[in-house]
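Only one structure is covered here, and it is reproduced in the block below.
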Amino acid sequence: MTKTTVKLLAMRTAFVLIALAVIPAVNAQEIVLGQIGPFTVLPVPDAPEINQGIKAYVNEANKQGIRGRKISFFEADDRYSADGFVEQFKKSLDKKPVALLSPIGSNALKRLLDDKLLDNADVLVMNAIPGAESFRAPGHPKLFHIRAGDKQQIEKMVTHSRTIGMTRLSVLYQDLPIGTSGMAVAQDAASRTAGLELKGVKSAPDAPALATASQQIVALGGQGVLILGAPRFMAEGVAALRKAGVSQSIFVLSYVPSGLIVKLAGVEGARGVGIAQTYPNPNGRTLPIHRDFEAAMKGSFPQLTQYTSFHLEGYLSARTVAEALKRNTEKEPTAAGLAKTLRAMGEIDFGGFRVDFSRSNIGSNFVDIAVIGSDGKLRY
């Protein structure tokens, strides 16, 4: 073997060793996802349960990795404050997340859009609560939704009330954008539903105002009542209406945990309340998504025996982003590249829950209605 050949072999060996040393470093670089939400102050379990659903998917995905890389996930508490959200959003950018999942709160989302936080930040937001139309039309090119919006939920409940034979539907709505804009949607839906008359009563969230408004609802003589407002307002509205003697069917939006209604109105008062659902039954067993979701939750939170729609929402938010990451061809995923991939994916079926961003940034219009039974549990 000549000196030249030995030299070439040594150079080739050195090149291979360098390449092998570099590859693990690249593969080891993690893809960062985050969640900014009200983990304190807000007295409902939305953010913590969404967080558990996200972690369940992340832990499951990290068994295989995504294109050879692991997912790193962090959360930050905005204390249910718009200023707190802006503060945590800016801090989170230091961690270089490719996406933030499921922020919660009208004020936080309004600041996200009004302050144009997404304009110059290389981050995408997947899913947002609530689903008010003002956050979706026009929305933002880097803000995507897998939750059916308030418009779809309200339209479903209005048409459902007519389907089951109602001709007069009353609306108790909060003097807040989610309530007033929801009332406008309900009026529009009723105007397109033959044979249905709809009248509303606006109320502040305090107990005396709700008591007065409930008496006004009784005077309207509706065959059912739709309540529109913040989660606490809707739950307290159920209790106030039952106390006022309303025994008819009551409908609320998906944001209200059934347990909160049972706590405030009692099991008897909660019985028969219909809650809009923007995801399949989280405790179902018939669909492939049920099996995947349950396996992930058991793997990460074996102590839980019942799951909520917020658990499933977190799981699906993370899974949707992961599906886009798998299909993204960028060496380093960017928010713009991920948004482009989401729009190009077409319909994705997660085994009973479908998302499709090819027409807009709203990926799902799935709405069902679950009813609280005599045992205080939801029946789908």
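Here are the numbers for this structure:
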item	result
Hits in segment 63-76 - residues which are under 16 Å from Ala99 (Cβ atoms) and polar (S, T, N, Q)	Ser72
Answer residue from segment 176-223, given it is more than 20 Å from Ser249 (Cβ to Cβ) and either among the acidic types (Asp, Glu) or touching a Phe, Trp or Tyr at 6+ places or on another chain (Cβ under 8 Å) (or both) and is modelled with the lowest pLDDT among those	Leu176
Qualifying position, being exposed (fewer than 15 other Cβ atoms within 10 Å of the Cβ) and more than 18 Å from Pro231 (Cα to Cα), among Glu323, Glu294, Glu268	Glu268
Single unsatisfied condition, Ser254 versus (1) surrounded by 24 or more Cβ atoms within 10 Å (Cβ to Cβ); (2) within 20 Å of Ala219 (Cα to Cα); (3) not hydrophobic (A, V, I, L, M, F, W, C)	(2)
Residue in segment 212-226 that is farthest from Ala276 (Cα to Cα), counting only those that are open to solvent by less than 10 Å² (accessible area, probe 1.4 Å) and among the hydrophobic types (A, V, I, L, M, F, W, C)	Ala213
Entirely in segment 231-334, the helices (runs of 4 or more DSSP H) that have 3 or more residues that are more than 19 Å from the chain's Cα centre (by Cα) and over 24 Å from Met183 (Cα atoms)	258-270, 288-300, 309-327
Residues located in segment 186-211, provided they are open to solvent by 30 Å² or more (accessible area, probe 1.4 Å), over 19 Å from Ala235 (Cβ atoms) and assigned to a helix (DSSP H, G or I)	Gln187, Asp188, Ser191
Matching strands (runs of 3 or more DSSP E) fully within segment 25-132 where at least 3 residues are in contact with a Pro (Cβ under 7 Å, 6 or more places away or on another chain) and buried (at least 22 other Cβ atoms within 10 Å of the Cβ)	31-37
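The values are calculated or read from the model by the stated rules, or taken from the named source; none is laboratory data. This structure is a prediction, so every number in the text was calculated from the model and none was measured. Don't worry about glycine lacking a Cβ; one is built from the backbone with ideal geometry, like all the others, and counts go over all protein chains shown. Only protein heavy atoms, including side chains, enter the accessible area calculation; ligands, DNA and RNA are left aside. Shrake-Rupley method; radii C 1.70, N 1.55, O 1.52, S 1.80 Å.
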